[in-house]
Amino acid sequence: MNGLNKKAQLGLDTFKTDNGNIESVKSSLDSMVDDLLNEDYIKSSTNNKYRLLKFSLLAIGFIFIIGYFWNKSTTSTKSKNQNKVYYAQYFEPLQDAISNIERGGKQADNQPIIDSAMKYYNSKDYKKSASLLKDFDSADTKIYYAISLLADGNTSLAISEFDLMTNNIKFNKYSDIVDWYLTLAYLQNSEQNKAITLLDKIIKNKTYMHKEANKIRTSLN
């Protein structure tokens, strides 16, 4: 019987190791059953009983595996969907603060393009606003470019842009705003752990949108 317990534990350890690959688990289970049925007290059984026992063990094992992966998949899907609900509920574009500003030098030449981009932004045509803002390098334009990307569904690129702004002295005046929109981007991208880290930071420091951050964080507990 000690041999049986060792085989069973080996099979369980193998399952834990391979739980991301159902085919590998299936193979491990099949091998485990063969090993279990080679125990001395089982060898004396007739072939029919042997086959019936093997079938029963495999059936029980497969039911367990299917249930495990189904539950895991369902839980993951619900979590991802809920994250997207939070994004849809709390996303609001940052208010336009860079249109129609008197600028000097080279910036004065760029202002008509910026104004045009922000007209699209304000009318929620984020694809066009992102297209016009992408070549500008100032903090004022970059924040609206990244938000345009996020609003247009280009979440991964938006995250990359927000990441570049994080801990960059050039974007200091927007740091709290960046934290908030990066949090929403993580939620939209189903990166919940990263979102939680930023939510905790926003709540602790009582920065931009901290009340909304607290509502989301409470729901994620």
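General remarks:
- Residue list for region 150-170, restricted to those being buried (at least 20 other Cβ atoms within 10 Å of the Cβ) and either touching a Pro at 6+ places or on another chain (Cβ under 6 Å) or hydrophobic (A, V, I, L, M, F, W, C) (or both): Leu150, Ala151, Ala158, Ile159, Phe162, Met165
- Matching residues in region 163-218 - criterion: being touching a residue at least 40 places away in the same chain (Cβ under 8 Å), among the aliphatic types (A, V, I, L, M) and within 20 Å of Ser138 (Cβ to Cβ): Ile177
- The set of residues in region 79-138 being within 30 Å of the chain's Cα centre (by Cα), surrounded by fewer than 17 Cβ atoms within 10 Å (Cβ to Cβ), more than 30 Å from His210 (Cα to Cα) and at pLDDT 95 or above consists of Lys128, Ser131.
- Counting the residues of region 167-198 that are under 19 Å from the mean Cα position of the chain (by Cα) and polar (S, T, N, Q) gives 7.
The values are calculated or read from the model by the stated rules, or taken from the named source; none is laboratory data. Because the structure is a prediction, the values reported are computed rather than measured. Positions of Cβ are backbone-derived with ideal geometry, glycine not excepted, and every protein chain shown enters the neighbour counts.
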